[in-house]
Amino acid sequence: MMAAGTAAQNGLHVCLVEKKEKLGRKICITGKGRCNLTNDCDEQTFIASVPTNGRFLYSAIHQFTTRDTIDFFEALGLSIKVERGNRVFPQSDKAADVAETLACFVQNGGAERITAEVKSLLLDTGRVCGVELRDGRSLLAGHVIVCCGGASYPGTGSTGDGYRFATQAGHTVTQLRPSLVPLTVDGDECREMMGLSLRNVGLQVFDREKDKRIYEDFGEMLFTHFGLSGPTILSASAHMRNMSPGRYRVVIDLKPALSLEQLDARIQRDFSENRNRDFSNSLGALLPRKLIPVIIKRSQIPPEMKCNQITREMRRSFAELLKSFSFTISGFRPIEEAIVTSGGVKVSEINPKTMESKLVQGLYFAGEVLDVDAYTGGFNLQIAFSTGRLAANSISKPI
C-alpha cells in the first residue's frame, strides 16, 4: 500500500493486485490488534534493531525515517501516540485505523485496485514486462514491485508467493525461518499453567552451545499448551539462531523488583504468618494460583509440610527458584504462527539505493519478502514502509 500510494502520488499509472478482498489484513492483527506501526528512534538505533542484514537498509531508512512515518500518518489524519520503548501506536488503539488510512492513501492517490492472484511474472530478455494472473489475464507494466510479505500468518494472504516470483526471476531465496515466534517446551508444566500471563517479570536467554547469555528483557509473557509466548518471548526468539532442541534455556525472574535477600526476607515473613499452615496453602499472596502447583513440584518441599518446619536452606533454595524459574526450549512454533519470516530474497542481489533487482530490470522487492527482519517494537512495519516508499520513488525518478 505504501509503494502503490506513493507511486500513484508521483503521477504513475499504478495497479495494486491483492488476492484478499480487504487490504491490510495482516496489519489488522499486529500488536494484538493495536498495530505498533513504527518506533520513534534514530537511524542508528533502528539499524541496530535489525539483526538480519540491517546495513542493507541504510538508504531506505535514511530516505523515509521513523519520524517521516509518524508525520505521514498524522498528515493523513491518524492521531499517533508513543509508548514505552518508543513504540508508536494509533491513538485509537485500533490497527484497523492504520489499514484504513493506508487504503485511503492508495485510493485517493488514484491507484487502480484489482482483487486477483498473481500466478507469475512476465519476463523478457532481462527485464520484467508485467504479471500473469491466475484467471488468465495479463497485466503489462514497465515496472513491478513485489510486496507479498513472508510466509507467516498465511490466512492474511502472505503465503510466500514473493519467494516464488523471486526464484522465477533467478534470485536466491535464503533459508526461511520463523522469527518473533512462540517457543515450545517439552513436558506438562506449561500446559498446567496454560493461560497464565505474567507481567513485569525478568527474562534471560542462555545459549548452551556458546555458554553465554544472549538476551535479557523485562515485561510480559504467557504460558500456553505448547510452551511460552507473549511479548518478551517473541522478542527473545529473534536472538535464537540455528535453533536445536535443548540449545537454549529461558530463565524467568518472577520477582525482579526484589533482590534474593529481600525475597528471602519476604518469604520468611509469609511463612511466619502461616506457621501452622501447609506449605502448599501459604503461597497465595506471593504467586498466581496457576503457578503454585508447578513451583511446589520444582521446590521439592513436601506440599503438606508446615511452614514452621521449613528450614532456612529450604527457604533459601525456594527463593532462588523464584528468581530463576527456567525452561529448556525444544524449538520454535511453525513459521505460520510467526509474526515475521526470517530469510527471503538475498539482499546482495538487490540495489539497496533503489530496491531494484540487480538481475532483472524494472523488478523491485520491498518489505518482508527481503532477507531482513527485526526485533519487536515497530521495526518490521517500518522496514515495509521505508522499502516500499524507496522502491516507488526510484521508479518515479531517473536513476
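The values are calculated or read from the model by the stated rules, or taken from the named source; none is laboratory data. Since we're looking at a predicted model, the values are computed, not measured. No Cβ is skipped: glycine too gets one built from the backbone with ideal geometry, and neighbour counts run over all protein chains shown.
Check 368, 336 and return the single one that is over 13 Å from residue 162 (Cβ atoms) and in contact with a Ser or Thr (Cβ under 7 Å, 6 or more places away or on another chain).
336
Using beta carbons and a limit of 8 Å, which pairs, at least six apart or on different chains, have the first residue in region 103-116 and polar (S, T, N, Q) and the second one surrounded by fewer than 18 Cβ atoms within 10 Å (Cβ to Cβ)?
Listed pairs, sorted by first residue: 107/113; 115/19; 115/20; 115/21.
Test residue 327 against the criterion of being surrounded by 13 or more Cβ atoms within 10 Å (Cβ to Cβ) and either within 30 Å of residue 179 (Cβ to Cβ) or touching a residue at least 40 places away in the same chain (Cβ under 8 Å) (or both), and give yes or no.
yes
Is it the case that residue 148 is hydrophobic (A, V, I, L, M, F, W, C) and modelled with pLDDT under 95? Working first, answer last.
Numbers: hydrophobic (A, V, I, L, M, F, W, C): yes; modelled with pLDDT under 95: yes.
Yes; evaluated as a whole, the condition is true for this residue.
Out of the residues in region 125-146 that are touching a strand residue (DSSP E or B) at 6+ places or on another chain (Cβ under 8 Å) and in a loop (DSSP other than H, G, I, E, B), which is farthest from residue 4 (Cα to Cα)? Break it down into steps so the answer makes sense when it comes.
At the first step, the residues of region 125-146 found to be touching a strand residue (DSSP E or B) at 6+ places or on another chain (Cβ under 8 Å) are 126-134, 138-146.
With the extra rule that they be in a loop (DSSP other than H, G, I, E, B), the set shrinks to 126, 134, 141-143.
Numbers: 126: 24, 134: 21, 141: 13, 142: 14, 143: 12 Å.
Among them, the one singled out is 126.
Only one of 163, 215 is within 19 Å of residue 342 (Cβ to Cβ) and in a helix (DSSP H, G or I); which? So that I can check it myself, show each step before the final result.
Values: 215 fails: in a helix (DSSP H, G or I).
Unique residue meeting the criteria: 163.
Taking residue 276 as meeting all but one of (1) in contact with a Ser or Thr (Cβ under 9 Å, 6 or more places away or on another chain); (2) touching a residue at least 24 places away in the same chain (Cβ under 8 Å), write down the number of the exception.
That leaves (1) as the condition not met.
Can residue 204 be described as at negative phi, within 21 Å of the chain's Cα centre (by Cα) and surrounded by fewer than 19 Cβ atoms within 10 Å (Cβ to Cβ)?
yes
I'm checking my understanding of the structure. Among residues of region 356-395 that are small (Gly, Ala, Ser) and part of a loop (DSSP other than H, G, I, E, B), which one is farthest from residue 69 (Cα to Cα)?
Ranking the candidates gives 362 first.
Quick one: in region 102-157, which of the residues that are charged (D, E, K, R) and under 27 Å from residue 29 (Cβ atoms) is nearest to the chain's Cα centre (by Cα)?
Among them, the one singled out is 117.
Please work out which residue is surrounded by the most Cβ atoms within 10 Å (Cβ to Cβ), limiting yourself to region 303-319 and to residues that are assigned to a loop (DSSP other than H, G, I, E, B) and touching an Asp or Glu at 6+ places or on another chain (Cβ under 9 Å).
Checked region 303-319; the qualifying residue surrounded by the most Cβ atoms within 10 Å (Cβ to Cβ) is 305.
I'm trying to understand the selection: among the residues of region 218-260, which are among the hydrophobic types (A, V, I, L, M, F, W, C) and assigned to a strand (DSSP E or B)?
At the first step, the residues of region 218-260 found to be among the hydrophobic types (A, V, I, L, M, F, W, C) are 218, 221-223, 226, 228, 233-234, 236, 238, 240, 243, 250-252, 254, 257-258, 260.
Within region 218-260, 218, 221, 222, 223, 228, 250, 251, 252 qualify.
What's the total number of residues in region 126-160 that are touching a helix residue (DSSP H, G or I) at 6+ places or on another chain (Cβ under 9 Å) and either of a type in the set (Lys, Arg) or surrounded by 16 or more Cβ atoms within 10 Å (Cβ to Cβ) (or both)?
Residues of region 126-160 that are touching a helix residue (DSSP H, G or I) at 6+ places or on another chain (Cβ under 9 Å), as a first pass: 131, 142-156, 158, 160.
From the residues that got through so far, the ones that are either of a type in the set (Lys, Arg) or surrounded by 16 or more Cβ atoms within 10 Å (Cβ to Cβ) (or both) too are 131, 143-153, 156, 158, 160.
The total comes to 15.
Report every pair of residues separated by at least 6 positions or lying on different chains whose Cβ atoms are under 6 Å apart, first residue within region 52-73 and within 16 Å of residue 353 (Cβ to Cβ), second polar (S, T, N, Q).
From residues that are within 16 Å of residue 353 (Cβ to Cβ), the pairs are 60/386; 60/387; 61/386; 64/386.
Just a yes or no: is a residue in region 188-201 within 18 Å of the chain's Cα centre (by Cα) and either under 24 Å from residue 49 (Cβ atoms) or outside any loop (DSSP other than H, G, I, E, B) (or both)?
Of all residues in region 188-201, those within 18 Å of the chain's Cα centre (by Cα) come to none.
No; the residues of region 188-201 include none that is within 18 Å of the chain's Cα centre (by Cα) and either under 24 Å from residue 49 (Cβ atoms) or outside any loop (DSSP other than H, G, I, E, B) (or both).
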